[in-house]
Structure formats: structure tokens, C-alpha cells
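Written below as C-alpha cells is the structure these notes are about.
The values are calculated or read from the model by the stated rules, or taken from the named source; none is laboratory data. Bear in mind the structure is a predicted one, so any value in this text is a computation, not a measurement. Backbone-built Cβ (ideal geometry, glycine too); neighbour counts: all protein chains shown.
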Amino acid sequence: MPVEILFPELGEGVHEGTVSKWLKKVGDRVKEDEPVVEIMTDKVNTELGAPAAGVLMEILVPEGGTVEVFKAMGLIDDGSAGAVAAAPTTVAIPKTEIADSMFSSAPGLDAPTPAPAAVAVATEDAGGRKWFTPVVRSMAKEHGISDAQLSSIAGTGSDGRVTKKDLEQFLANGGAKQAAVAATPAAFAPKLTVPAPAPVPIAGPDVEVVPLAGMRKMIAEAMTRSSQIPVVSTLTEVDVTNMVSFREKNKETFQTQFGVKLTYTPFFIKAITEALLEFPLLNAALHADNTIHKSKAVHMGIAVSLGAKGDEGLIVPVIRDCQSKSLIDLAKDLEAIAAKARKNQLSIADVQGGTFTLTNPGSYGALLGTPMINAPQSGILGTYTIKKVPSIINDMIAIRSVMNLVLTYDHRLVDGLLAGKFLQSLKAKLENFEFFK
């Protein structure tokens, strides 16, 4: 019998995801709980195990396709159909011929109503109305789309169900304008010209065309949401000579004693954490209901590039409760989450609940940039490459190790003065380098 491979509920707010890769082909044998498909949401990329042992008989959602929570992505034949077919039939119901005259001659009885045909579309209820997911209904309400118009959309989901992607396509083709016109009295209806759909770009012979799918699609959607927030970026320059000198003298001993590499990032995390405790609005989040969530703990999101060349996407796992951890603890946590990210072993819990984000473009030589906020967090800090430059110290020229720090913040919560004070505090902590005192 076919066993459905369902898209599971992976966390609060996760309504759909993308099939990024099928790990088995149709016809392959699979063991129960053996990884069979790789799926992706805007939270995490993970592998799903087979719900039963058998043969992968059908792939319902191809790679790059979108699937809603609790919908089937594929089917596994568990082999039980053959056993049922081979068993003797003991429950067959004998056919009984009933003449029409038995009904037509009986007084007061109408001819029997034939049994209704099987329901053709599983998304319709007993009254013939189509069922739509909460996501689709919410979008329809936002754009003024009626149930009748929703029902007219050709659905590409399971059993003809209208998906979020179908509704987005309907709106992109002028459906929202058509809905507004339908709801307007004829006497006041403006004359609208529905724009022709944008022409499909034609790629040249030297251009490879690939769909925006998988992690890249999730990153694009997350960045689009973040771009709606009014942000400002502020820059400061920091003399990190003391930090560089300490690391150079102690990195080998640190790895021997504690089993992890001593990079600059744990120092940044420690200094940022202490500054966030001084300025809690930078450790807060403004939500859609106009409530501000101020966190008493610092859960630091660390941007990690994936792939050997760092070109397979970006994910932001979280180091929790940084305020209660030593520099050594932070170094161990950092190495552990980076390893899990690169091995594609992060869980939903590993990437949720961040209150502030740190990104380190300086690791690949970037001198300056303006990082994009990770909504709904109110701030992100970018650390850039460390360079030796001539500086004036006590009216004398000295060679110092200097770097740029860039803070991008939600201007609805954080004003320029507060951002400047936060950077001053962070600058002082890194320059004084008092983490071990």
C-alpha cells in the first residue's frame, strides 16, 4: 500500500517549504527512517527519513517545488498490497438484481436516488465549497479576493488545491485589480487597463538559466521581508592591537589546552554581549502587533557561509545565553555550531530565538559594508578586516592594527545617539581588552 511522505511541521510560523533535493530515485528501495528527501524552510535545511520501508514509487513534488505543511511529497510502496491481493476474498458482497418494477409498483415510493459519484476534488467540503489554507485565506483577505474568485483559480497543489504560489501568480497577473473592479459599483467603477504580463526574458546562448529555489529562494524571501524595515548604518573605527597581540601569543596554547581554535569572533561576541546588556533596545525586537520584546538574555546569531567555497548559501545559527558564558565557552560553542551548519545537521532549535546578529565579512578581506538586519531583530553588527596602519600615538607615529565595525539598526527602535553610544562602549571594550581581568 502507498505510504505518504508528508512535509512535517518544523516550527512555529513555518507553513510551507521547498524540496531542495531528493536523496532517492523512483524505484529505489528505502529503509524506515533512512534519509530520503532534503527540505528547506526559511528557518532551516534538514533531511527527512522514510516513514516506512519499501520502494519509492512516486515523487509528487519535484526538486525546487513548494509544499505545504502536512502535504505529501512522495509515495512509498511498503509491499503490503501484494499480500492483500494474494489473500482469499472472504468479504465479497453478492450482487442482487432488483427490478425497477419493485420501486415503480410500490405505492408512495419514489424511484431510488442513485448513489452520488465519488468526490472529484478532495478540497471541497460537503457543500461543494473549496477548502483553502490559512495562508491563502489571509492573503486573499489582504487583497480583497472573494471565495468565488479563489475557487476560479486553477490550483497546482495536492488534489487541485490552491497554493500560496498559485495566488501570488493570480495577483501578479492582475487578479487583485480585477477583484477591486468586481467589488465596485458599475457607476463608479474606474476604467482600468490591465497591464500585459511582463515578457519572459530570452537568455542568450552563453547564459545558463536556473530557477530561484532551495536555500537561495528562502534567503531572498527573508531579505525581502527585512528590506521593509527602516534602517540606518553607523560606522566606527577600532584599534584592536591588544586583541591581535594576545591572539598571536596564545592561539597555539589555547588550542592545546581547550581543543578549539582561538579566532577573533569569540572576542567580538563577548564585547557585543556586554554592550547589549548596557543598551537593551539593541537586543529587542519590534513585532507586527506594535509590541516591543526586550530580551534579558543575549542569544547571538552568527552568520555562517555554507559550502567549501562559501557559495552554497548563508544560515544564522544561534549561540544562547552569551551573557553567562566565558570566552572559552563561546569559542567552543562557535566551533560546534559552525561544524553542524557545514554538515547540514542544524535543527530548528539551533536557528530560532536569536536576539542580535553578528556577521564577519572581514574573514574574506572585506574592508567595509552595510549588513542587512535580520528581522525582527533590531540590530546587526558587521566586523571587517584588520589592517596594520600608521597611527598617531602621543604625537608619535606607530603601527597599529585597526578595523571597521558597522552597526545596522532598526530606526523605529534605535536612534542615532543610542547607536553611537553602543558603538562607543563596544569600541572601548575591544581596545582596552579587559576580558580576562
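With the structure loaded, tell me whether A203 is outside the structural domain of G416 (by TED's automatic domain parsing), in contact (Cβ under 8 Å) with a residue 60 or more places away in the chain and on the phi < 0 side of the Ramachandran plot or whether it fails that test.
Numbers: outside the structural domain of G416 (by TED's automatic domain parsing): yes; in contact (Cβ under 8 Å) with a residue 60 or more places away in the chain: no; on the phi < 0 side of the Ramachandran plot: yes.
Taking the combined requirement at face value, the residue does not satisfy it.
Say we look at segment 39-56 and pick out the residues that are farther than 12 Å from R29 by Cβ and of a type in the set (A, V, I, L, M, F, W, C); which of these is modelled with the lowest pLDDT?
Ranking the candidates gives V44 first.
Here are some residues: I269, I328. Which one is in a helix (DSSP H, G or I), over 22 Å from the mean Cα position of the chain (by Cα) and surrounded by fewer than 16 Cβ atoms within 10 Å (Cβ to Cβ)? I'd like the intermediate steps shown before the answer.
Values: I269 fails: surrounded by fewer than 16 Cβ atoms within 10 Å (Cβ to Cβ).
Result: I328 is the single residue among I269, I328 that is in a helix (DSSP H, G or I), over 22 Å from the mean Cα position of the chain (by Cα) and surrounded by fewer than 16 Cβ atoms within 10 Å (Cβ to Cβ).
Under the condition of being part of a strand (DSSP E or B) and farther than 15 Å from E58 by Cβ, which residue from segment 15-29 is modelled with the lowest pLDDT? Let's see the steps before the verdict.
Of all residues in segment 15-29, those part of a strand (DSSP E or B) come to 16-22, 29.
Subset that is farther than 15 Å from E58 by Cβ: 16-18, 20-21.
Values: E16: 78, G17: 81, T18: 83, S20: 81, K21: 86.
If we take residues in segment 15-29 being part of a strand (DSSP E or B) and farther than 15 Å from E58 by Cβ, then E16 is modelled with the lowest pLDDT.
Within segment 229-266, can you find the residues that are within 31 Å of the chain's Cα centre (by Cα) and closer than 30 Å to P376 by Cα?
Here is the first cut: in segment 229-266, the residues within 31 Å of the chain's Cα centre (by Cα) are 229-235, 260-266.
The answer is I229, P230, V231, V232, S233, T234, L235, T263, Y264, T265, P266.
Does at least one position in segment 248-269 carry a residue that is assigned by TED's automatic domain parsing to the domain that holds T357 and farther than 29 Å from D329 by Cβ?
From segment 248-269, those assigned by TED's automatic domain parsing to the domain that holds T357 are 248-269; that's our starting set.
After this cut, where a residue has to be farther than 29 Å from D329 by Cβ as well, the list is none.
Scanning segment 248-269 turns up no residue that is assigned by TED's automatic domain parsing to the domain that holds T357 and farther than 29 Å from D329 by Cβ.
Given the structure, is E12 at pLDDT below 85 and acidic (D, E)?
Details: at pLDDT below 85: yes; acidic (D, E): yes.
Taking the combined requirement at face value, the residue satisfies it.
Which ones in segment 370-402 are part of a strand (DSSP E or B), surrounded by fewer than 21 Cβ atoms within 10 Å (Cβ to Cβ), among the aliphatic types (A, V, I, L, M) and modelled with pLDDT of 90 or more?
Quick first cut of segment 370-402, residues part of a strand (DSSP E or B) only: 377, 379-383, 387-393, 396-402.
The next check asks that each one be surrounded by fewer than 21 Cβ atoms within 10 Å (Cβ to Cβ); those that pass are 387-393, 396-402.
Filter once more, keeping what is among the aliphatic types (A, V, I, L, M): 389, 392-393, 396-399, 402.
The answer is V389, M396, I397, A398, I399, V402.
Any residue at all in segment 243-251 that is in contact with a Leu (Cβ under 9 Å, 6 or more places away or on another chain) and exposed (fewer than 14 other Cβ atoms within 10 Å of the Cβ)?
So far as segment 243-251 goes, yes, one or more of its residues are in contact with a Leu (Cβ under 9 Å, 6 or more places away or on another chain) and exposed (fewer than 14 other Cβ atoms within 10 Å of the Cβ).
In segment 411-428, which residues are within 15 Å of I380 (Cβ to Cβ) and surrounded by 15 or more Cβ atoms within 10 Å (Cβ to Cβ)?
If the condition is that a residue be within 15 Å of I380 (Cβ to Cβ) and surrounded by 15 or more Cβ atoms within 10 Å (Cβ to Cβ), then L413, V414, A419, F422, L423, L426 are the ones that fit.
Take T256 and tell me if it is in contact with a helix residue (DSSP H, G or I) (Cβ under 8 Å, 6 or more places away or on another chain) and among the polar types (S, T, N, Q).
no
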